[in-house]
Amino acid sequence: MPVQPLKPEQLYTVCDPAGLRFASTTELRDLEEVVGQQRAVEAIAFGVGIQRPGYNLYALGPTGSGKRSVVQRFVESKAATETVPQDWCYVNNFADPHKPNAIGLPAGTAASLRKEMLQLVEELRRAVPEALESDAYRARLQEIEDALKEKQEELFETLQKEAHAHDITMLRTPTGFAFAPMRKGEVIKPDEYEKLSASDKQAIEQTVARLQEDLERLIQQVPRWRRESQAEVHQLNRDVVMSAVGQLIDELRRQFSLLPEVLTYLDAVQQDVIDHADQFRRTDEMENPLAGLMMAEQEHRETFVNRYAVNILVDNSGTTGAPVVYVDNPTYPILVGRVEHRAQLGALITDFTMIKPGALHQANGGYLILDARKVLLQPYAWDGLKRVLQSGKMRIESLGQVFSLVSTVSLEPEDVPVAVKIVLLGDRSLYYLLSELDPDFAELFKVAVDFDDIMSRTPEDLDQYARLIATLCRREELHPMDPSAVARVIEHSSRLVEDTEKLSTRFGRIADLLREADYWAATAGSEVVAAGHVQQAIDTREQRQSRIRERWQEETQRGVLLIDTAGEGVGQVNGLSVAVLGEYAFGHPSRITASARVGKGEVVDIEREIELGGPIHSKGILILSGFLSGRYCPEQPLSVSASLVLEQTYGGVEGDSASAAELFALLSALASAPVRQAIAVTGSINQHGQIQAIGGVNEKIEGFYDVCAARDLSGDQGVIIPHANIEHLMLRKDIVDAVSAGRFNIWAIKTVDEGMELLTGIEAGARNEQGEYPADSINRRVEDKLRVMAEQARRHEEESDD
């Protein structure tokens with residue numbers, strides 16, 4: 001029985017507005033659950049629930065499937081039930097300032113510590129100078145100085161008395177001390193000294209030498225006395241500052257008594273304040289006549305005070321639950337933090353107060369959501385992220401420091417322990433590439449959250465889809481939609497996925513359609529979006545993107561692109577292709593021609609020979625060759641040389657959807673059977689002659705229909721498609737109307753024989769009990785032709801041997 005054209009109801013699966021059971025989307029409650037992503041939802045629940053190393057999540061799926069919103073909703077819901085994580089801050093390491101210490105504190109404590117330390121510094125700036133300038137301090141300091149002077153004078157006086165006892169006096173000179181002999185209380189003059197006897201001179205010189213030795217021993221003790229005096233002053237300063245500082249810091253100790261790290265830090269602060277008490281002395285800036293030096297001194301003083309500051313990295317004082325952080329620009333410094341510098345007197349300097357946190361610090365104890373592609377595009381961001389996950393610690397270091405590209409003074413902040421759950425968002429291809437090429441990926445991201453791009457189209461699913469549409473309308477503040485508009489959106493959703501039993505879960509595209517339909521409804525002054533507004537949105541989007549399609553159609557009508565839609569031709573078939581430009585796809589016919597002659601059993605694909613044919617297209621040609629050799633003349637070798645080509649194609653050709661049309665063209669050439677040019681063909685084949693499903697069936701049919709419609713529909717025009725593609729048909733209304741009126745046809749075939757009978761009007765034929773095809777059937781003609789070619793090839797070979 002000949003293959004019959006499909007009925008109009010098979011070409012478009014209608015969504016009946018009456019079955020939606022509402023008058024407007026305002027009646028529908030918001031959709032709280034996730035539609036069509038049960039697998040993904042279960043994976044998210046598992047991933048955020050399991051608290052084990054390496055169980056980070058990778059949400060994979062197409063763009064517009066709502067990965068981020070779904071993941072963020074579930075993560076935020078889980079995070080709200082979790083404990084608020086610690087605050088983290090950096091404080092000065094007084095023993096080794098270029099290695100600041102990290103302190104973890106209970107949530108909200110860091111801000112309190114910083115406030116108290118600021119208050120402490122202000123009090124120290126007042127209390128320490130007051131203590132060091134008090135009358136009691138000055139009196140005690142004077143006592144120490146006086147004691148040193150008194151001790152020195154007492155010893156010098158003793159030495160002086162001893163010298164007088166021997167009629168020697170000790171004189172002060174610009175260069176030090178000197179001894180001179182006396183007589184009757186007066187220094188002997190040099191000329192009188194020369195008149196003394198030799199024995200007197202010798203006695204005087206011996207006494208002076210002995211006194212000189214005593215003086216030297218005395219002078220050698222002076223530095224030691226001064227050091228002892230300075231030690232007393234230092235101890236005095238410590239005691240005075242301790243009395244001023246101890247009480248202030250003791251108050252902080254009581255306040256943070258349950259935090260050992262803070263107590264250790266306060267001990268270090270107290271010791272450092274005592275050691276640097278002079279830095280707190282107040283100076284009268286007016287005494288310094290040099291403004292530049294005054295400003296430098298003031299800047300130095302402020303820098304010194306910063307040593308007691310608290311640099312808060314993470315402040316969770318206002319946080320409820322665990323943090324959830326999304327980073328749109330995940331550069332290396334934004335992820336792991338950085339150390340900034342400032343210019344001072346022509347040099348770049350830094351300190352622990354200039355350490356800035358990264359997203360991993362902010363998400364510590366919670367969740368960090370990242371776009372996988374953006375992370376991989378940023379230099380070293382992926383390696384930095386993996387290092388943190390593998391070590392469980394956060395180390396802040398600049399790339400310049402890592403690669404020794406800068407020579408400025410930098411810091412080595414203490415590592416911060418990190419416990420964070422990472423969620424990567426990306427497409428499937430990136431996930432599989434990382435799994436294959438990065439050995440660490442599988443160990444760090446054990447949970448794959450696979451978002452599907454389609455869902456079923458059951459009555460229950462339609463109800464949920466309608467609620468989703470209503471939710472989107474309210475969220476976007478769009479006009480409400482009536483049932484006809486919702487039904488048209490549902491039908492278009494099936495068209496997007498090319499399946500009458502499925503709906504699209506790429507809700508980004510659905511939301512775009514709702515916005516555009518709302519615009520056209522508002523333009524028309526309608527308070528409710530109807531099916532006509534949705535259709536207008538679909539049509540105008542098509543029109544905006546259809547420049548290339550219209551140019552293609554125009555070139556076809558002008559005869560530049562050779563496509564026949566009437567008459568017959570041997571070895572010539574209208575194939576169908578799809579051009580994809582971004583998210584826009586359209587179909588167009590292409591002439592496929594075949595020629596055959598005696599040869600060595602080769603089927604030459606011209607596209608493959610010139611490297612325009614892709615591997616899948618080449619596979620289709622090889623399958624075609626296998627079909628020929630397997631069906632015809634099984635008792636003798638195939639002695640044909642055939643060539644196939646898609647005429648007037650100048651770019652790459654990929655896919656096997658033209659293999660059926662190529663086979664029909666070759667069989668037509670072998671059987672010398674004219675093919676009806678009013679029919680176009682799409683479909684792939686296998687080696688047994690079965691026709692297999694292809695993609696883009698709607699666009700392909702519409703592309704050939706547009707060519708035929710521009711030349712007036714004759715009623716015998718149409719398209720042959722694989723039978724398996726019937727459930728994918730969601731054709732335009734004008735095509736369905738043309739089929740209903742008998743002006744256009746669509747046939748669905750299962751085998752090559754069915755297709756050849758439709759194209760040629762000649763019976764394909766099946767082998768009888770004797771293994772022969774019926775006379776004058778397509779298959780008989782082909783087999784006879786191949787036998788003739790085989791005989792010709794045999795004779796030619798014999799003649800060549802002779």
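The values are calculated or read from the model by the stated rules, or taken from the named source; none is laboratory data. In this text, all values refer to a predicted model and were calculated from it rather than measured experimentally. Note that each Cβ is placed from the backbone with ideal geometry, even for glycine, and that neighbours are counted across all protein chains shown. We work out accessible area using only protein heavy atoms, side chains counted, and drop any ligands, DNA or RNA first. Shrake-Rupley method; radii C 1.70, N 1.55, O 1.52, S 1.80 Å.
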Rounded to the nearest whole number, the Stokes-Einstein translational diffusion coefficient of the stretch 475-518 at 37 °C and 0.692 mPa s (Kirkwood radius, C-alpha pairs) in µm²/s is 302
Quick query: amide H of Met481 versus all other amide H atoms, modeled in the peptide plane; which residues come in under 5 Å with a sequence gap of 5 or more or a different chain?
Thr25, Thr26, Val529
Within the stretch 768-802, backbone nitrogen closer than 14 Å to the virtual label 7 Å beyond the Cα of Val598 toward Cβ:
785-802
Say R0 is 51 Å: what FRET efficiency, to the nearest 0.05, do Leu581 and Glu791 get from their beta-carbon distance?
0.50
Counting sequence-distant residues (5 or more places) and residues on other chains, those with an amide H built under 5 Å from that of Asp427 are Gly61
Cross-link candidates for Lys421: which aspartates and glutamates have Cα within less than 18 Å, leaving aside residues fewer than 8 places away along the same chain?
Glu42, Glu76, Glu82, Asp87, Asp328, Asp371, Asp383, Asp440, Glu443, Asp450
Geometric extent, Cα atoms of the stretch 633-728 - Rg, Dmax (angstrom)
15.2, 49
Taking the Cα atoms only, what angle lies between the long axis of helix 697-710 and the longest principal axis of the chain, rounded to 10 degrees?
60
Ellipsoid semi-axes in whole angstrom, largest first, where each is sqrt(5λ) of the Cα gyration tensor of the stretch 415-533
38, 18, 12
Rank these residues by their accessible area, most exposed first, probe 1.4 Å: Phe46, Phe179.
Phe46, Phe179
How large is log10 I(q)/I(0) at q = 0.09, 0.14 Å⁻¹ when the Debye formula is applied to the Cα atoms of the stretch 478-610, each weighted equally and without solvent?
-0.46, -0.82
Separation in nanometres of the label points that stand 7 Å from Cα toward Cβ, at Glu477 and Lys733
3.2
Counting only C-alpha contacts under 8 Å and six or more residues apart, can you give the relative contact order of the chain as a whole percent?
17
Virtual paramagnetic centre 7 Å along Cα→Cβ of Glu568, amide N under 15 Å, in the stretch 733-774:
756-764
To the nearest 10 Å², what's Glu228's accessible area with a 1.4 Å probe?
80
Please arrange His479, His688, His164 by accessible surface area, largest first, computed with a 1.4 Å probe and ligands excluded.
His688, His164, His479
Give me the number: length gained by fully extending Val222 to Phe156, i.e. 0.36 nm times residue separation minus the C-alpha to C-alpha distance, one decimal in nm.
22.7 nm
Once every Cα of the stretch 691-802 carries one equal point scatterer and solvent is ignored, give the base-10 log of I(q)/I(0) from the Debye formula at q = 0.22, 0.23 Å⁻¹, two decimals.
-1.15, -1.20
Using the Karplus curve 6.51 cos²θ - 1.76 cosθ + 1.60 with θ = phi - 60°, what ³J(HN,Hα) values do you get for each residue of the stretch 461-467, in whole Hz, with x for Gly and Pro?
5, 5, 4, 5, 5, 5, 5
Multiply the residue separation of Met242 and Leu348 by 0.36 nm, subtract the distance between their alpha-carbon atoms, and state the gained length in nm to one decimal.
34.6 nm
Reachable aspartates and glutamates from Lys750, Cα under 15 Å, same-chain residues fewer than 8 places away excluded?
Glu727
Taking the square root of 5 times each eigenvalue of the Cα gyration tensor, what semi-axes in Å does the equivalent ellipsoid of the chain have, largest first?
99, 35, 21
For the stretch 77-120, radius of gyration divided by Kirkwood radius, i.e. Rg to Rh on alpha-carbons
1.14
To the nearest 10 degrees, how steeply does helix 381-391 sit against the main Cα axis of the chain, on a 0 to 90 scale?
70
Rh (Kirkwood, all Cα-Cα pairs) for the stretch 235-276, Å, reads 10.5
Ignoring ligands, DNA and RNA, what accessible area per residue does the stretch 651-704 give at 1.4 Å, in Å²?
23
As straight-line cross-link partners of Lys115, the qualifying aspartates and glutamates (C-alpha separation under 14 Å, not fewer than 8 residues apart within one chain) are Glu123, Glu251, Asp315
In terms of the alpha carbon gyration tensor, root eigenvalues a ≥ b ≥ c, rounded if a/c is under 1.5 and otherwise prolate when a/b exceeds b/c or oblate, the stretch 299-394 is oblate
Order by accessible surface, 1.4 Å probe, largest leading, for residues Arg387, Arg254 comes to Arg254, Arg387
Simple label model, 7 Å out from Cα along Cβ direction - Arg395 to Arg544, nm
5.0
Listed by chain and number, the residues whose amide H is under 5 Å from that of Ile749, excluding neighbours fewer than 5 places away on the same chain and using placed H, are Ile721, His723
Quote the FRET efficiency, to the nearest 0.05, computed for Lys99 versus Arg138 with a Förster distance R0 of 56 Å and r equal to the Cβ-Cβ distance.
0.90
Based on Cβ point charges of +1 for Lys and Arg and -1 for Asp and Glu, what charge dipole magnitude is obtained for the chain about its Cα centre, in debye rounded to the nearest 20?
400
Need one value: the accessible area of Arg474 in square angstrom, 1.4 angstrom probe, rounded to the nearest 10.
100
Paramagnetic reach from Arg551 (point 7 Å along Cα→Cβ, amide N under 20 Å) across the stretch 580-595:
580-591
Accessible carbon and sulfur surface of the stretch 48-114 relative to its total accessible area, %, 1.4 Å
51
Angle in degrees between helix 198-255 and the longest Cα principal axis of the chain, rounded to the nearest 10:
40
Return the distance in nm (one decimal) between the two label points of a simple spin-label model at Met182 and Glu33, each offset 7 Å from Cα along Cα→Cβ.
11.8
For the chain, what does the helix formula give at 222 nm: sum of -39500 (n - 2.57) over DSSP H segments with n ≥ 4, over the residue count, nearest 500 deg cm²/dmol?
-15500 deg cm²/dmol
With θ taken as phi - 60° and the coefficients 6.51, -1.76 and 1.60, list the Karplus ³J(HN,Hα) couplings across the stretch 351-360 in order, rounded to whole Hz; mark glycine and proline as x.
7, 5, 6, 9, 7, 10, x, x, 4, 5
Quick calc, Gln230 & Ala198: beta-carbon distance into FRET formula, R0 45 Å, rounding 0.05, result 0.40
Please give the solvent-accessible surface of Arg307 in Å², to the nearest 10, using a probe radius of 1.4 Å with every protein chain present.
60
For the stretch 1-143, alpha-carbon Rg and Dmax in angstrom
33.6, 129
Whole-Hz Karplus ³J(HN,Hα) for the stretch 777-794, in order, using 6.51 cos²θ - 1.76 cosθ + 1.60 and θ = phi - 60°, x for Gly and Pro?
7, 4, 5, 5, 4, 4, 5, 4, 4, 5, 5, 4, 5, 5, 5, 4, 5, 5
